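Scroll down for the structure; my scribbles are underneath it.
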Amino acid sequence: MFKNNMKQLFILVTVSLLGFSICQAQELPNLKAVKLNKNANYKTAEPIALKVSNYLFATSIDRRNRQRIEAGNFLIRWMNGTPDYTFYVEDREMNLFGFDSDVLLMYMAALTKFMLEHPQIKHKDEQALGAVNIVLPYLNKESDKKRWPNLLWQLNDAYQQNKTAEFLKQIER
């Protein structure tokens, strides 16, 4: 379940991802065939969601990569419907990652990856810190930094100085 403006975010990311097209070889299972119509389906799809997250981190941001677009769409559907996890993407995260759908998708993939790999961690601040520690190294290599919001630059500086947790605590939710 998403908080605040998650429906708008879902629409923004989906429209952005669907607006682009084409290419690359199939490395993931057929995500369109994965049924997410019952609660039990979401539990069964957890390994696929983790594989999708790992795939997104293993590929460059490319709006023409059709497989990547499908992976992002699947991940968002899974996150939005799973009854077993609550994903918090609130004002703080929106301010950090802005409304760049590619960057935001990678944060969501990091959040999914962290939560699936650390199901015992339930506190949303610890989850956010774990996700940030996954996504920043990727964004430093793959992202178009010209589009980064100022707050993301500040977070990145804090990350480089091993002060990510302190920085995140300073930012109001």
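None of the figures in this text is laboratory data; all of them are computed from the coordinates on show. Values in this document were obtained by computation on a predicted structure and should not be read as measured data. As a convention, Cβ positions derive from the backbone with ideal geometry for all residues, glycine included, and neighbour counts pool all protein chains shown.
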Inset, instruction - Would you calculate the separation in nanometres between label points at GLU142 and GLU27, each defined as 7 Å from the Cα along the Cα-to-beta-carbon direction? - result: 0.9
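Between SER60 and LYS122, take the C-beta separation as r, use R0 = 22 Å, and let me know the FRET efficiency to the nearest 0.05. Please report the intermediate quantities before stating the final value.
Numbers: r = 33 Å, r/R0 = 1.49.
So, using R0 = 22 Å, E works out to roughly 0.10.
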Legend entry - Segments 141-148, 60-67, 49-56, 118-125 sorted - mean Cβ within 10 Å per residue, highest first: 49-56, 60-67, 141-148, 118-125
Legend entry - Pairs beyond 21 Å (Cα-Cα), from LYS43/LYS122; LYS113/LYS146; LYS51/LYS145; LYS122/LYS169; LYS32/LYS145; LYS113/LYS141: LYS113/LYS146; LYS51/LYS145; LYS32/LYS145
